[in-house]
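The next block holds one structure in the form of structure tokens; read it before the comments.
Values quoted throughout were computed directly from the atomic coordinates according to the rules given, and no laboratory measurement underlies them. Bear in mind the structure is a predicted one, so any value in this text is a computation, not a measurement. With ideal geometry, Cβ positions are generated from the backbone for all residues, glycine too; neighbour counts draw on all protein chains shown.
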Ligand code: FPP
């Protein structure tokens with residue numbers, strides 16, 4: 001099992017977030033959905049900063065799922081454009097702060113421009129040693145499991161050698177420990193095909209807060225909730241030593 005937390009145990013090493021609620025946030029302001037996604041992008045940058053300040057080592061955000069292609073064409077193209085805008089606006093700042101960017105997902109389906117932008121972000125931050133930020137883009141948990149099996153088989157791994165460890169090495173986030181804390185904003189209580197393999201022992205945290213409103217205080221609330229969890233990883237709680245009587 002590939003799971004661990006900070007030495008104190010109160011701050012998760014790896015936080016994974018489903019950033020839901022952009023559309024509703026925009027609608028409440030009588031604005032198009034893409035307006036919510038633009039604010040959502042600013043929230044991502046704030047959350048990156050705050051994760052760095054709190055000592056999180058890995059942050060993984062679900063920016064575009066394999067199912068998001070079903071959205072209206074203008075929203076899909078708006079999200080693709082937001083990648084290009086976001087990278088030109090924030091890449092230099094994030095790189096200078098030591099952030100290392102990774103992209104997880106099926107890149108074969110995205111345009112050449114978007115693919116190049118992601119490649120540039122990864123390349124430019126390749127030697128950074130700070131917070132690992134993974135953007136799940138055209139990502140699906142089932143896709144990830146299937147691609148891992150396919151790559152393992154293509155490498156000639158025999159069926160009996162296809163262990164959990166062997167498969168983990170082929171998953172899209174092979175460089176990261178499994179998420180300790182899963183956060184979903186926006187009020188829905190589901191995982192939506194995000195990191196299905198990796199979330200096996202994650203603590204789940206759901207909030208009604210819409211993603212563009214998810215600020216430093218909201219993130220600290222999630223960390224405080226996480227710090228109170230009793231993580232047993234399928235084991236049993238250690239018995240407390242009986243109090244010594246004088
Ligand atoms: C879900 O909210 C949000 C998304 C599908 C897109 C998330 C994208 C961003 C936050 C922009 C950041 C992008 C990058 C590249 C880091 P929703 O639209 O489903 O909200 P709703 O449930 O209120 O309709």
Exercise for the section: Let me know the shape class of the chain, please: from the alpha-carbon gyration tensor, a ≥ b ≥ c as square roots of the eigenvalues, rounded when a/c is under 1.5, otherwise prolate if a/b is greater than b/c, or oblate. Expected result: oblate
Completion exercise
Taking the chain and counting helices only, DSSP H stretches of n ≥ 4 at -39,500 (n - 2.57) each over all residues, the nearest-500 ellipticity at 222 nm comes to -12500 deg cm²/dmol
Problem - Modelled label reach - residue 231, point 7 Å along Cα→Cβ, the stretch 54-82 residues with backbone N closer than 15 Å - result: 55-60
Practice task
Give the shape of the stretch 143-205 as rounded, prolate or oblate, defined through the alpha-carbon gyration tensor: a ≥ b ≥ c are the square roots of its eigenvalues, a/c under 1.5 means rounded, and otherwise the shape is prolate if a/b is larger than b/c and oblate if not.
Solution key: prolate
Problem - Centre separation in Å (Cα based) which lies between the stretch 89-153 and the stretch 37-51 - result: 17
Completion exercise
With the 8 Å Cα cutoff and a minimum separation of six or more residues, the chain has a relative contact order in percent of 29
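With a cut-off of 8 Å between alpha carbons and a minimum separation of six or more residues, what is the relative contact order of the stretch 1-137 in percent?
28
Shape call for the stretch 96-217 from the C-alpha gyration tensor, a ≥ b ≥ c root eigenvalues: rounded (a/c under 1.5), prolate (a/b greater than b/c) or oblate?
Oblate shape, in that a/c is at least 1.5 and b/c is the bigger or equal ratio.
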